[in-house]
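As structure tokens, the structure follows; a few thoughts come after it.
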Amino acid sequence: MEIRKTVQQINNGTGYLIKKLESDEFLEEGTDNGAELVGYFKDGKLVKIKEWIGLSSCFNITEYYLQDGKLIFRYSKGSQAPYNDSTQTFDYDKSSITMECRFYFDKDKLIKSILKGSSRCSGEPGDSLAKIVLQECERYKKLLAKK
């Protein structure tokens, strides 16, 4: 699949200009354990966006891959931390991946999705997320371009 090859090239690439946004620069509400949005630019073009959001009991990592300014792939994984009764805290060292989502796009249309599991923080994923994914990506592109 051509998308997979492009994603691999982006991940193996070097020499990116990196722009970072803290949680208050891209989220409407703060999170318990912070958040970060990172944009990877090559030759002035945004090719990858990485979002990390930490909530009290879980965290989500989402990566957006772009080609010619268009979203071609989004990968997201949600991890949950077990609650430790004796310390009355979440044990992040023992967190495990409970959800993975892969969305493949062509010309702003969802062409394939692979959805596994669910997350206490984000629920069970579905294809209906595709429209939201495209909107999020567009918003993030604008925010990172201004940085």
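The values are calculated or read from the model by the stated rules, or taken from the named source; none is laboratory data. Small disclaimer: the values here were computed from a predicted structure and weren't measured. For neighbour counting, all protein chains shown are included, and Cβ atoms are generated from backbone atoms with ideal geometry for every residue, glycine included.
Of note:
- Spans of strands (runs of 3 or more DSSP E) in segment 61-146 with at least 2 residues at pLDDT 80 or above and closer than 17 Å to Leu37 by Cα: 70-80
- Filter result (over 21 Å from Tyr75 (Cα atoms) and part of a helix (DSSP H, G or I)) within segment 1-26: Asp24, Glu25
- Matching residues in segment 54-84 - criterion: being in contact (Cβ under 8 Å) with a residue 60 or more places away in the chain and β-branched (Val, Ile, Thr): Ile72
- Residue selected from segment 71-91 under the condition more than 11 Å from the chain's Cα centre (by Cα) and surrounded by 15 or more Cβ atoms within 10 Å (Cβ to Cβ), by the criterion farthest from Lys142 (Cα to Cα): Phe90
- Extreme residue, nearest to the chain's Cα centre (by Cα), among residues of segment 12-25 that are of a type in the set (S, T, N, Q) and loosely packed, with under 12 Cβ neighbours inside 10 Å: Asn12
- Residue check, Glu29 under 30 Å from Asp91 (Cα atoms) and assigned to a loop (DSSP other than H, G, I, E, B): yes
- Cβ pairs under 6 Å, 6+ apart, first in segment 27-48 and of a type in the set (Asp, Glu), second part of a strand (DSSP E or B): Glu36/Trp52
- Odd one out for Cys58 among (1) surrounded by 13 or more Cβ atoms within 10 Å (Cβ to Cβ); (2) under 14 Å from Val7 (Cα atoms): (2)
- Residue that is nearest to Glu25 (Cα to Cα), among those in segment 42-60 that are of a type in the set (D, E, K, R) and in a strand (DSSP E or B): Glu51
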